[in-house]
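This report refers to the structure that appears directly beneath it.
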Amino acid sequence: MTYKEIGAFAYYIKNKKLMVVLVTNSSGRQWILPKGHIETDLSRKQVALTEAYEEAGIIGNIAPFGYKEISFKRKERNICLRVYPVKIKKVLNKWPEWHSRERVVLPAEKAASVVHKKALSSCIKFFSDEILTRPALVA
């Protein structure tokens, strides 16, 4: 069975470097992108923004260059994750899940090396290439 989820690639540019937000998973042992299940009353983009807010304390906008779908296994289940890029406007000190998740902001290359799933690492690299090759986004 395949489960579909929505994720947020929350980022900002600092000194022409792409910075990425990661959070710990619910067990607190692995770094992941904020993500959650599809909700019938919200668009997929709204779910991505909601997950960024609830899990990472991020307020932002969906960047205008699409999304990335990745697949991986979790406990013998196939997971299809659609990840939207979220350009950060504000990072909150407290957020709905601040007591149960850690948050870290890392350069994209470091973020790609600390996530547990290879699919998440490739997703980070994909968005890094997309963003850093668009001069208007980096300036």
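Taking region 106-122 and a reference point 7 angstrom along Cα→Cβ of Asn15, the backbone N atoms nearer than 13 Å belong to 107. Of all aspartates and glutamates in the structure, the ones whose alpha carbon falls short of 19 Å from that of Lys14, not counting any fewer than 8 places away in one chain, are Glu109, Asp129, Glu130. Build a GNM of the chain with springs between Cα atoms under 10 Å apart, and of Gly36, Gly66, Gly57 the one that fluctuates most is Gly66. Loop-located chymotrypsin sites (Phe, Trp or Tyr not before Pro) in region 44-139 (DSSP state not H, G, I, E or B) with no more than 13 neighbouring Cβ atoms inside 10 Å: Phe65. For the chain, the longest principal axis of the C-alpha atoms and the axis of helix 44-56 are separated by about 90°. For region 2-138, the share of DSSP beta bridges that are antiparallel, to the nearest 5, is 70%. Springs between alpha-carbon pairs under 10 angstrom, Gaussian network model over the chain: which of Ile32, Ile124, Ile70 fluctuates most? Comparing Ile32, Ile124, Ile70 in the GNM, the peak value goes to Ile70. Cross-link reach is defined here as a Cα-Cα straight distance under 17 Å, omitting same-chain residues fewer than 8 places apart; for Lys117 the lysines meeting it are Lys4, Lys35, Lys68, Lys73, Lys75, Lys125.
For region 2-138, the Cα gyration tensor yields ellipsoid semi-axes of 20, 17, 16 Å (square root of five times each eigenvalue, largest first, whole Å). Note on His37, His116: ascending count of other Cβ atoms within 10 Å places them as His37, His116, the fewest first.
Computing FRET efficiency as 1/(1 + (r/R0)^6) for Ser113 and Ser43, where r is the C-beta to C-beta distance and R0 is 22 Å, gives about 0.10. The length gained by stretching the chain between Arg74 and Arg29 to full extension, at 0.36 nm per residue less their Cα-Cα distance, is 14.8 nm.
Annotation note: trypsin sites (Lys or Arg not before Pro) in region 1-88 located in DSSP loop regions with a Cβ neighbour count of at most 14 within 10 Å are Lys16, Arg29, Lys75. With a cut-off of 20 Å on the backbone N, the residues of region 38-71 near the modelled label site 7 Å out from Asn93 along Cα-Cβ are 53-60. Using Cα springs under 10 Å in a Gaussian network model of the chain, which residue among Ser43, Ser128, Ser71 shows the largest mean-square fluctuation? Looking only at Ser43, Ser128, Ser71, the biggest GNM fluctuation is shown by Ser43.
No lab work stands behind these numbers, since they all come straight from the coordinates. Just so it is clear, the model here is predicted, and its values are computed rather than measured. Neighbour counts run over all protein chains shown; Cβ positions are idealised from the backbone, glycine included.
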